[in-house]
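Colleague: Structure below; questions to follow.
The values are calculated or read from the model by the stated rules, or taken from the named source; none is laboratory data. Nothing here was measured: the structure is a model prediction, and the numbers come from that model. Glycine also receives a Cβ, built like all others from the backbone with ideal geometry; neighbour counts cover every protein chain displayed.
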Amino acid sequence: MFNLIRNNELELQLDISGVEDHLPSIAFDIVVSWDMPYQKINFTLKECWFECEEWDRFEESISQLIEQESGSVTLKDMSENPIITFTKTHSELLTIIQSKDTLGVGEFSLRAKSFSIELIEVYNKTKQLDKWW
């Protein structure tokens, strides 16, 4: 398990829960904790599958976004659903974490603001993932 984001309000942890060699892919349990002044939200996205190429694109896009004044990058699961989105606008970073029920019953979205300087730490954390592909 590693923390992709860890600041005073938001913690986003990724825990590898599966790998597949046939179609190079990786699954994470994504654990989110958001502390607000008078409330706290915790939720877990279980076995979120991503193609390894998608993870590599996400990592490279974060690297490019660091150098830009503004822009956006999204990590999509194997069903093309957006799971994690970072939107940078100058010094602000908006993090959006989303989940949809596979039966179409419901969906969840969390939006949290922080500072764009955190993208450097996020990028460094993505590079620490032990890749076999």
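Colleague: Looking at the range 32-42, which of its residues are under 15 Å from residue 2 (Cα atoms) and either surrounded by 17 or more Cβ atoms within 10 Å (Cβ to Cβ) or touching a residue at least 24 places away in the same chain (Cβ under 8 Å) (or both)?
Modeller: Hit for the range 32-42 is 32, nothing else.
Colleague: Let me ask something additional. So which residues in the range 91-107 are of a type outside the set (Val, Ile, Thr) and crowded, with 16+ Cβ neighbours inside 10 Å, if there are any at all?
Modeller: 93, 98, 99, 100
Colleague: Check every one of the strands (runs of 3 or more DSSP E) wholly within the range 1-74 and list those with 2 or more residues that are closer than 21 Å to residue 118 by Cα and among the small types (Gly, Ala, Ser).
Modeller: Working: elements: 2-6, 10-20, 25-35, 40-51.
Per the criteria, no element qualifies.
Colleague: May I ask you to list the residues in the range 77-87 that are assigned to a strand (DSSP E or B) and either crowded, with 17+ Cβ neighbours inside 10 Å or among the aliphatic types (A, V, I, L, M) (or both)?
Modeller: Residues satisfying the conditions are 83, 84, 85, 86, 87.
Colleague: Being in contact with an Asp or Glu (Cβ under 6 Å, 6 or more places away or on another chain) and of a type in the set (D, E, K, R) is the filter; apply it to the range 31-57 and report the residue that is farthest from residue 8 (Cα to Cα).
Modeller: It comes out as 46.
Colleague: Could you tell me which numbered condition residue 22 fails, if it satisfies all but one of (1) in contact (Cβ under 8 Å) with a residue 12 or more places away in the chain; (2) under 24 Å from residue 131 (Cα atoms); (3) exposed (fewer than 12 other Cβ atoms within 10 Å of the Cβ)?
Modeller: Of (1) in contact (Cβ under 8 Å) with a residue 12 or more places away in the chain; (2) under 24 Å from residue 131 (Cα atoms); (3) exposed (fewer than 12 other Cβ atoms within 10 Å of the Cβ), only one is false for residue 22: (1).
Colleague: Now, a different point. For residue 51, work out the one condition from (1) in contact with a strand residue (DSSP E or B) (Cβ under 6 Å, 6 or more places away or on another chain); (2) within 20 Å of residue 133 (Cβ to Cβ); (3) in contact (Cβ under 8 Å) with a residue 40 or more places away in the chain; (4) crowded, with 17+ Cβ neighbours inside 10 Å it doesn't fulfil.
Modeller: Here residue 51 clears every test but (3).
Colleague: Considering 110, 129, which residue is under 18 Å from residue 5 (Cα atoms), in contact (Cβ under 8 Å) with a residue 60 or more places away in the chain and either of a type in the set (Asp, Glu) or assigned to a loop (DSSP other than H, G, I, E, B) (or both)?
Modeller: 129
Here is a yes/no grid of residues against (1) surrounded by fewer than 18 Cβ atoms within 10 Å (Cβ to Cβ); (2) closer than 19 Å to residue 1 by Cα; (3) out of contact with any Cys (no Cβ under 6 Å at 6 or more places or on another chain):
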{"position": "30", "(1), (2), (3)": "no, yes, no"}
{"position": "44", "(1), (2), (3)": "yes, yes, yes"}
{"position": "74", "(1), (2), (3)": "yes, no, yes"}
{"position": "89", "(1), (2), (3)": "yes, no, yes"}
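Colleague: Of the numbered conditions (1) surrounded by fewer than 17 Cβ atoms within 10 Å (Cβ to Cβ); (2) modelled with pLDDT of 95 or more; (3) not aliphatic (A, V, I, L, M), residue 8 fails exactly one; give the number of that condition.
Modeller: For residue 8, the exception is condition (2).
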